[in-house]
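The structure appears below as structure tokens.
The values are calculated or read from the model by the stated rules, or taken from the named source; none is laboratory data. Since the model is a prediction, treat every value here as computed from it, not as a measurement. Counting neighbours? That spans all protein chains shown, and the Cβs are built from the backbone with ideal geometry, glycine included. Accessible surface areas use protein heavy atoms only, side chains included; no ligands, DNA or RNA. Shrake-Rupley method; radii C 1.70, N 1.55, O 1.52, S 1.80 Å.
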Amino acid sequence: MNYAIEADGLRKRFGDTQALDGVSLRVSEGKVLGVLGPNGAGKTTAVRILATLLRPDDGVARIGGFDVVRDAAAVRRTIGLTGQYASVDEDLTGLQNLKLIGTLLDLSRRDARARADELLEWFDLTEAAGRPAGTYSGGMRRRLDLAASLVGRPAVVFLDEPTTGLDPAKRDAMWDVVRTLVRDGSTVLLTTQYLEEADQLADEISVIDHGRVIAHDTPLGLKRQAGSRTLTVTPADPADGPAVAHLLSGFSSEEPTSLPGGGFSVPVLDERAMPATVTGLAERGIAVSELSLHLPTLDEVFSTLTQNTQNKEVAA
């Protein structure tokens, strides 16, 4: 398998703080890896090493087959990077920022202008193209910063919390940008604090905590790791509530939880609880307005994983 991003045993210490403690990552070409973790977990440190901005104390990493230490210049020609904070030149206009990047990447003046115009339109910044970036709102600077990272059509794109500070509509638009990048063949490593974002975009997710990868799987796989599913039933007639609660209690070791609207839910481990519930409701002649079985949300999985890590740290 061809990996666009490979990292093995990355370690980095800052004074008394072990920022990375043996992080290993793999991202296949044309895929999106979501990297999740609480603040201070080591996500940004890992990105900075992969982008050649920091040297690891130990371990190796390759981007497109190039070593991030020995072949740093080749890595930089391969990647685009958007950090947590917009880094555009506020004295230049949006158009001038992008044209400057194009010139630095050895594009002709004509090609640099064409690419700048394309990206300004893509990121809904055409009307503001002639204004100094210092007059842009935070969200506009964020979008300009991401546009700047894409001028050279990089094969690998690092997005370090790219939608921080964006309103929901602009966040959705940014998600469409990521999907387009992948359709065009780019590989994306995305760090985010928004669990829904990782669920929407990532092919696989690595969860980092205390400088270590504590879980790695597809979004669905992580949800399955969390164990129980939630079975929810809301009777059409509230008078059937006690019968529904009694029925659900037979599928779980926990008592059903009452929900607003007259429904009940229980955690279940067996997917067969759903058809058994349907049969039980039919036998009792109970009509329902809601019947669902769903996996834990990614937020719940994340909370469980990081809480387990904290408990281990305390026990140690």
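Residue by residue, here is whether (1) under 18 Å from residue 295 (Cα atoms); (2) open to solvent by less than 40 Å² (accessible area, probe 1.4 Å) holds:
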position	(1), (2)
184	no, no
192	no, yes
195	yes, yes
210	no, no
224	yes, no
237	no, no
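Of everything in region 142-173, what is assigned to a loop (DSSP other than H, G, I, E, B) and either more than 16 Å from the chain's Cα centre (by Cα) or among the small types (Gly, Ala, Ser) (or both)? Give them in sequence order.
150, 151, 152, 153, 154, 155, 165, 167
Going through 98, 81 one at a time, which residue ends up being within 21 Å of the chain's Cα centre (by Cα) and either assigned to a loop (DSSP other than H, G, I, E, B) or under 20 Å from residue 122 (Cα atoms) (or both)?
The unique qualifying residue is 81.
For region 180-212: of the residues being in a strand (DSSP E or B) and over 14 Å from the mean Cα position of the chain (by Cα), which is nearest to residue 254 (Cα to Cα)?
209
Just checking, how many residues over region 103-141 are open to solvent by less than 60 Å² (accessible area, probe 1.4 Å), in a helix (DSSP H, G or I) and either more than 20 Å from residue 83 (Cβ to Cβ) or without any contact (Cβ under 8 Å) to a residue 12 or more places away in the chain (or both)?
Counting residues in region 103-141 that are open to solvent by less than 60 Å² (accessible area, probe 1.4 Å), in a helix (DSSP H, G or I) and either more than 20 Å from residue 83 (Cβ to Cβ) or without any contact (Cβ under 8 Å) to a residue 12 or more places away in the chain (or both) gives 6.
Here are some residues: 81, 100. Which one is crowded, with 16+ Cβ neighbours inside 10 Å, over 21 Å from residue 215 (Cβ atoms), of a type in the set (A, V, I, L, M) and in contact with a Ser or Thr (Cβ under 8 Å, 6 or more places away or on another chain)?
81 is the lone residue from the list that is crowded, with 16+ Cβ neighbours inside 10 Å, over 21 Å from residue 215 (Cβ atoms), of a type in the set (A, V, I, L, M) and in contact with a Ser or Thr (Cβ under 8 Å, 6 or more places away or on another chain).
List, please: which pairs have Cβ atoms under 6 Å, are six or more places apart or on different chains, and start with a residue in region 213-237 that is closer than 20 Å to residue 37 by Cα and in a strand (DSSP E or B) and end with one that is open to solvent by less than 40 Å² (accessible area, probe 1.4 Å) and modelled with pLDDT of 85 or more?
Filtered contacts from region 213-237: 213/23; 213/206; 214/207; 215/207; 216/206.
Out of all the residues in region 16-24, is one or more within 18 Å of the chain's Cα centre (by Cα) and under 25 Å from residue 301 (Cα atoms)?
yes
Scan (1) part of a strand (DSSP E or B); (2) modelled with pLDDT of 95 or more for the single condition residue 243 breaks and write down its number.
Unmet for residue 243, out of (1) part of a strand (DSSP E or B); (2) modelled with pLDDT of 95 or more: (1).
Among the residues of region 202-247, write down those that are β-branched (Val, Ile, Thr) and either under 30 Å from residue 183 (Cβ atoms) or in contact with a Ser or Thr (Cβ under 6 Å, 6 or more places away or on another chain) (or both).
The answer is 205, 207, 208, 213, 214, 218, 230, 232, 234.
Quick test of your reading of the structure: residue 56 fulfils all but one of (1) assigned to a loop (DSSP other than H, G, I, E, B); (2) closer than 23 Å to residue 197 by Cβ. Name the failing condition by number.
(2)
Scanning for something open to solvent by 20 Å² or more (accessible area, probe 1.4 Å) and hydrophobic (A, V, I, L, M, F, W, C), does region 21-42 turn up at least one residue?
Looking through region 21-42, none of the residues is open to solvent by 20 Å² or more (accessible area, probe 1.4 Å) and hydrophobic (A, V, I, L, M, F, W, C).
Does residue 215 satisfy the condition of being open to solvent by 40 Å² or more (accessible area, probe 1.4 Å) and hydrophobic (A, V, I, L, M, F, W, C)?
No, not satisfied.
Residue 53 passes all but one of (1) more than 27 Å from residue 165 (Cα to Cα); (2) open to solvent by 50 Å² or more (accessible area, probe 1.4 Å); which number fails?
All conditions are met except number (1).
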